[in-house]
Amino acid sequence: MKSGMRGKVTSAVEVTNVSGHGFWLFLDDHERFLSFVEFPWFRDASIAALCKVERPRPGHLYWPDLDVDLATESIEHPEEFPLVSRAPVKKKARANKRMQPTRAAGGAEGGRRRARG
C-alpha cells in the first residue's frame, strides 16, 4: 500500500499571549517570546493580526494581514540576524498652544478695554 502525497505542514503554530513588551509564540512544542524591540513590525499590530500566523513550510512563518515573513531561526537565534527593521517611531503630537487675544492698537486707551456701564 502506498502512502498519499504529502500535504501542507500541519505543525502547530499559535500565539499564546500578548503583552506590552511582545508576544509568545508556541512553535514546535516550545514557547518563544518575540520582543517588540527585536521585532518592531509587530508593535502596532492588532491581536487578531498577530494571531493569524501561518506556517507555509518548515522553518518559515507568515503573517498575511501584516505581510511579514520570518525564518524560525531568526526567532530562535536573533543575535545571528543583526539586520532589524527600523519601524518609524511615531512622534508625539504637540499640544496646541492656546491662541492669545490680540491687543487693540494704541490710542487714548492704551490698548485696554473700556468698562461698559
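The values are calculated or read from the model by the stated rules, or taken from the named source; none is laboratory data. Treat the numbers as computed from the prediction; the structure is a model and nothing was measured. Heads up, the Cβs are rebuilt from the backbone with ideal geometry, glycines too, and the neighbour counts pull from every protein chain shown.
Does LEU70 satisfy the criteria of being modelled with pLDDT of 85 or more, under 23 Å from HIS30 (Cα atoms) and among the hydrophobic types (A, V, I, L, M, F, W, C)? Taking the combined requirement at face value, the residue satisfies it. Got at least one residue in the stretch 93-109 being surrounded by fewer than 13 Cβ atoms within 10 Å (Cβ to Cβ) and either under 15 Å from the mean Cα position of the chain (by Cα) or modelled with pLDDT of 90 or more (or both)? Within the stretch 93-109, none of the residues are surrounded by fewer than 13 Cβ atoms within 10 Å (Cβ to Cβ) and either under 15 Å from the mean Cα position of the chain (by Cα) or modelled with pLDDT of 90 or more (or both). Scanning the stretch 6-18 for residues that are under 19 Å from ALA71 (Cβ atoms) and in a strand (DSSP E or B), we see that the one that is modelled with the lowest pLDDT is VAL13. Out of (1) surrounded by 10 or more Cβ atoms within 10 Å (Cβ to Cβ); (2) at pLDDT below 95, what's the single condition that is false for HIS21? The number of the failed condition is (2). GLU38 meets each of the listed conditions (1) farther than 14 Å from VAL15 by Cα; (2) at pLDDT 95 or above; (3) surrounded by 15 or more Cβ atoms within 10 Å (Cβ to Cβ); (4) of a type outside the set (A, V, I, L, M) apart from (2).
Confirm whether LEU50 is in a strand (DSSP E or B) and either at pLDDT 95 or above or surrounded by 10 or more Cβ atoms within 10 Å (Cβ to Cβ) (or both). In short, no.
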